[in-house]
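**Q** Let me give you the structure first, and then I'll get to my questions.
The values are calculated or read from the model by the stated rules, or taken from the named source; none is laboratory data. Source: prediction; values computed, not measured. When we count neighbours, we look across all protein chains shown, and the Cβ atoms used for this are built from the backbone with ideal geometry, even at glycine. The protein model used for the area step is the full one, side chains on, heavy atoms only, and it has no ligands, DNA or RNA in it. Shrake-Rupley method; radii C 1.70, N 1.55, O 1.52, S 1.80 Å.
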Amino acid sequence: MEPVVNALAEPLLDRWLADAELLAPRAGRDLWLREGSLLLRGWGEPHRRYHTAEHLAEVLAALDELAGAGHLDVREALLARAVGWYHDLHYDPSAAPGSNEHRSATMARDHLHALGVDDTLVGTVEDGVLMTATHEVRPGGVEGGVGARVLDAVHDADLWILSAPSPRYAAYRAQVREEYAHVPDHLFRAGRAAVMGGFAGRERIYRTDHAHAAWTAQARVNLADELADLA
């Protein structure tokens, strides 16, 4: 594992164990630990550069911020974190669009069921992982109520990186390019410009009120700077 993964492994495992006890109280510590080890191995795969334990930690921190701002109650925050744990568990940069998210969603469903997590909760987690394939959440959410708030929070937390301080955003850009080193530069630049231009063209990048107010300005600066570089 990369050094940053090693540094994050222990605190992430502690976070997982706390969440696993709430999600699957009857599974027991041995199963919680086994699943936590699987999660950390997945996020620590050597071919990853951006979709690593660092990204996972940033998503969890963003969800904590949204919960602290009142967007999520305790149960919703737990469900959103569960999505965070699994949303990029499978990651292959050469996979077809949407394949990674669908395989990660299947892993989330199967593994959470094996731990004895309630079917309704598993369904919400699966929906959240699948949503990260496109980051499209219809106004009001797909289910209304708890499901909608969880999806909105996951949407924003996964896109927190767009609003990162400039040095972190620059590192993120470099990490993504390394993950797609197999793509010729002219194709990468065109594809990246299309994706980032799509986010920049949105009237509203973030769905939650807190993220919209707190993260949008820096996100638009980062996106504008990157698109200028890609032009």
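**Q** Leaving ligands, DNA and RNA out of it, rank 166, 104 by accessible area with a 1.4 Å probe, largest first. Each step should come with its number before you reach the end.
**A** Values: 166 70, 104 0 Å².
Greatest to least solvent exposure: 166, 104.
**Q** Count charges around residue 197 for me, please; just the other residues with Cβ under 12 Å from its Cβ, Lys/Arg as +1, Asp/Glu as -1. Intermediate results must be reported in sequence, preceding the final value.
**A** On the way: positive: 189, 192, 202; negative: 226.
Taking every Cβ under 12 Å from that of residue 197, the sum is +2.
**Q** Using Cα atoms only, what is the angle between the long axis of helix 209-230 and the major principal axis of the chain, expressed in degrees (0 to 90) to the nearest 10?
**A** Result, in degrees: 40.
**Q** How long is the gain from residue 214 to residue 181 if the chain were fully straight, where each residue apart is worth 0.36 nm and the alpha carbon distance is subtracted?
**A** Details: separation 33, 0.36 × 33 = 11.88 nm, distance 3.30 nm.
Between residue 214 and residue 181, full extension yields 8.6 nm more.
**Q** Tell me the mean residue ellipticity at 222 nm calculated for the chain from its helices only (DSSP H runs of n ≥ 4, each -39500 (n - 2.57), averaged over every residue, nearest 500). Display every interim value, and only then the final one.
**A** Numbers: 10 runs with 161 residues, N = 231.
One gets -23000 deg cm²/dmol as the mean residue ellipticity at 222 nm.
**Q** I would also like to ask the following. How do 226, 58 rank by accessible surface area computed with a 1.4 Å probe, from largest to smallest? Each step should come with its number before you reach the end.
**A** On the way: 226 5, 58 35 Å².
So the residues, ranked largest to smallest area, are 58, 226.
**Q** Give the shape of the stretch 78-134 as rounded, prolate or oblate, defined through the alpha-carbon gyration tensor: a ≥ b ≥ c are the square roots of its eigenvalues, a/c under 1.5 means rounded, and otherwise the shape is prolate if a/b is larger than b/c and oblate if not. The partial results should precede the final answer.
**A** Values: a/c = 2.30, a/b = 1.84, b/c = 1.25.
It is prolate, given that a/c is not under 1.5 and a/b is the larger ratio.
**Q** Can you give the relative contact order of the chain as a percent, counting alpha carbon pairs under 8 Å and 6+ residues apart? Don't skip to the answer; put the middle values down first.
**A** Details: 257 pairs, mean separation 44.4, N = 231.
So the answer I get is 19 percent.
**Q** Ok, one more. Which of rounded, prolate or oblate describes the stretch 156-221 when judged by the alpha-carbon gyration tensor and an a/c cut-off of 1.5?
**A** Working: a/c = 2.70, a/b = 1.76, b/c = 1.53.
Note, shape of the stretch 156-221 comes out prolate.
**Q** Normalised by the empirical 2.2 N^0.38 Å for globular proteins, what value does the Cα Rg of the chain take?
**A** Values: Rg = 17.1 Å, N = 231, 2.2 N^0.38 = 17.4 Å.
In units of the globular-protein estimate, the chain measures up at 0.98.
**Q** What is the stretch 109-229's relative contact order, in percent, from Cα pairs under 8 angstrom and six or more apart in sequence? Display every interim value, and only then the final one.
**A** Numbers: 77 pairs, mean separation 29.7, N = 121.
It comes to 25 percent, rounded to a whole number.
**Q** Between residue 118 and residue 74, what is the label-point separation in nm under the 7 Å Cα-to-beta-carbon projection?
**A** Taking the two extended label points, one gets 1.4 nm.
**Q** I would also like to ask the following. Report ³J(HN,Hα) in whole Hz for each residue of the stretch 166-175, in order, from the Karplus equation J = 6.51 cos²θ - 1.76 cosθ + 1.60 where θ = phi - 60°; Gly and Pro get x.
**A** Those phi angles translate into 3, x, 5, 5, 5, 5, 4, 4, 5, 5 Hz.
**Q** Given labels modelled 7 Å from the Cα in the Cβ direction, how far is it in nm from residue 194 to residue 7?
**A** 3.6
**Q** Could you compute how much accessible surface residue 102 exposes when probed at 1.4 Å, giving the result in Å² to the nearest 10?
**A** Per-residue accessible area (residue 102): approximately 110 Å².
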